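What follows is a short report on a single structure.
The values are calculated or read from the model by the stated rules, or taken from the named source; none is laboratory data. On a predicted model such as this, the values are computed, not experimentally measured, just so you know. A quick note on method: Cβ atoms are made from the backbone with ideal geometry, for glycine too, and the neighbour counts reach across all protein chains shown. Quick note on the areas: whole protein, heavy atoms, side chains included, nothing else; ligands and nucleic acids left out. Shrake-Rupley method; radii C 1.70, N 1.55, O 1.52, S 1.80 Å.
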Amino acid sequence: MRKIRYVLMVCLVISLILVGCKSNSSHKEEMVKIDATIESYFKNYYSIDDYKILDNNDESYKKEIDLVESIKEYTTEEFYDKLKLKGGSGTVVDTAKGKKRNIKVENIEYEIKKPEDIKELKDEITLQYTADFKFYDGDKEDVLKKEGQIRLKKVNGEWKVDYEPGYIPHYMFEKIK
């Protein structure tokens, strides 16, 4: 009888340990997916590889549309429609064109705001982020930090950006030399 109780107790302890490890592992997996979505969103939406083509108004307009289209798979349908409606990438294109610089995003860091505990993560997460925006052309380079908030929602098992201001703030524009 004692052996049976001992075996049952050991099995119970092992199963509790395994459940705890699986739960912790699933949160890590979710954060990897969230990180990949954020990286893809920023690097697609805020990147201008050749600002010189933007002098042509047709190319400039096409680039605005292309930037919004490039993030469709990383955003909720509602957020995508809002960006599309307001010409969301206009400030990115205008900044590159006006300052005659290419734009690249690097070093995206974030801190979870909601839920306060990652163990409470279900289908929505809000993060405070900082990202380095590199404005460059030849030997000219300025790296400025952008801070903001980004919200992601889980849609059909995938994390999608549901909110992010979607523009380059004026204070950054003024600092580019």
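Give me the pairs, please: first residue somewhere in the range 55-72 and within 15 Å of residue 86 (Cα to Cα), second residue anywhere and at pLDDT below 90 and open to solvent by 80 Å² or more (accessible area, probe 1.4 Å), beta-carbon distance under 6 Å, and either six or more positions apart or on two chains.
68/84
Taking the range 116-134 as the search range and keeping residues that are free of Cβ contacts under 8 Å to residues at least 60 places away in the same chain and in contact with a strand residue (DSSP E or B) (Cβ under 7 Å, 6 or more places away or on another chain), which one is surrounded by the fewest Cβ atoms within 10 Å (Cβ to Cβ)?
First, pick out the residues of the range 116-134 that are free of Cβ contacts under 8 Å to residues at least 60 places away in the same chain: 116-117, 120, 122-124, 126, 128, 130, 132, 134.
Filter once more, keeping what is in contact with a strand residue (DSSP E or B) (Cβ under 7 Å, 6 or more places away or on another chain): 123-124, 126, 128, 130, 132, 134.
On the way: 123: 10, 124: 13, 126: 15, 128: 13, 130: 13, 132: 14, 134: 17.
Step by step, filter the range 116-134, then rank; the result is 123.
Taking the stated definitions as given, is residue 120 over 20 Å from residue 175 (Cα atoms) and among the charged types (D, E, K, R)? Explain how you work it out, then say what you get.
Details: over 20 Å from residue 175 (Cα atoms): yes; among the charged types (D, E, K, R): yes.
The answer is yes for residue 120.
Out of curiosity, is residue 171 assigned to a helix (DSSP H, G or I), aromatic (Phe, Trp, Tyr) and open to solvent by 20 Å² or more (accessible area, probe 1.4 Å)?
Details: assigned to a helix (DSSP H, G or I): yes; aromatic (Phe, Trp, Tyr): yes; open to solvent by 20 Å² or more (accessible area, probe 1.4 Å): yes.
Criteria met by residue 171.
For the range 137-177, name all the residues that are among the hydrophobic types (A, V, I, L, M, F, W, C), touching an Asp or Glu at 6+ places or on another chain (Cβ under 8 Å) and farther than 16 Å from residue 36 by Cα.
143, 144, 176
Those residues that are of a type outside the set (Asp, Glu), on the phi < 0 side of the Ramachandran plot and either loosely packed, with under 14 Cβ neighbours inside 10 Å or in contact (Cβ under 8 Å) with a residue 40 or more places away in the chain (or both), I need them from the range 135-148; list them, please.
135, 140, 143, 145 - these are the residues of the range 135-148 that are of a type outside the set (Asp, Glu), on the phi < 0 side of the Ramachandran plot and either loosely packed, with under 14 Cβ neighbours inside 10 Å or in contact (Cβ under 8 Å) with a residue 40 or more places away in the chain (or both).
So is residue 153 among the basic types (Lys, Arg) and either exposed (fewer than 13 other Cβ atoms within 10 Å of the Cβ) or assigned to a strand (DSSP E or B) (or both) or not? Give the steps one after another, and end with the answer.
Values: among the basic types (Lys, Arg): yes; either exposed (fewer than 13 other Cβ atoms within 10 Å of the Cβ) or assigned to a strand (DSSP E or B) (or both): yes.
Against the criterion (among the basic types (Lys, Arg) and either exposed (fewer than 13 other Cβ atoms within 10 Å of the Cβ) or assigned to a strand (DSSP E or B) (or both)), residue 153 qualifies.
So how many residues does the range 39-54 have that are in contact with a strand residue (DSSP E or B) (Cβ under 6 Å, 6 or more places away or on another chain), crowded, with 20+ Cβ neighbours inside 10 Å and touching a residue at least 60 places away in the same chain (Cβ under 8 Å)?
Summing the residues that are in contact with a strand residue (DSSP E or B) (Cβ under 6 Å, 6 or more places away or on another chain), crowded, with 20+ Cβ neighbours inside 10 Å and touching a residue at least 60 places away in the same chain (Cβ under 8 Å) in the range 39-54 gives 4.
Going through the range 25-54 one residue at a time, which ones are modelled with pLDDT under 90 and among the charged types (D, E, K, R)?
28, 29, 30
Does at least one position in the range 87-95 carry a residue that is touching a residue at least 24 places away in the same chain (Cβ under 8 Å) and either of a type in the set (Lys, Arg) or more than 18 Å from residue 41 (Cα to Cα) (or both)?
Yes: one or more hits.
Being open to solvent by less than 70 Å² (accessible area, probe 1.4 Å) and under 17 Å from residue 142 (Cβ atoms) is the filter; apply it to the range 55-100 and report the residue that is modelled with the lowest pLDDT.
91
How about the range 101-115: which of its residues are charged (D, E, K, R) and either in contact with a Gly (Cβ under 9 Å, 6 or more places away or on another chain) or open to solvent by less than 100 Å² (accessible area, probe 1.4 Å) (or both)? Show your work before the answer.
First pass over the range 101-115, keeping only residues charged (D, E, K, R): 101, 104, 106, 109, 111, 113-114.
Correct list: 101, 104, 106, 113.
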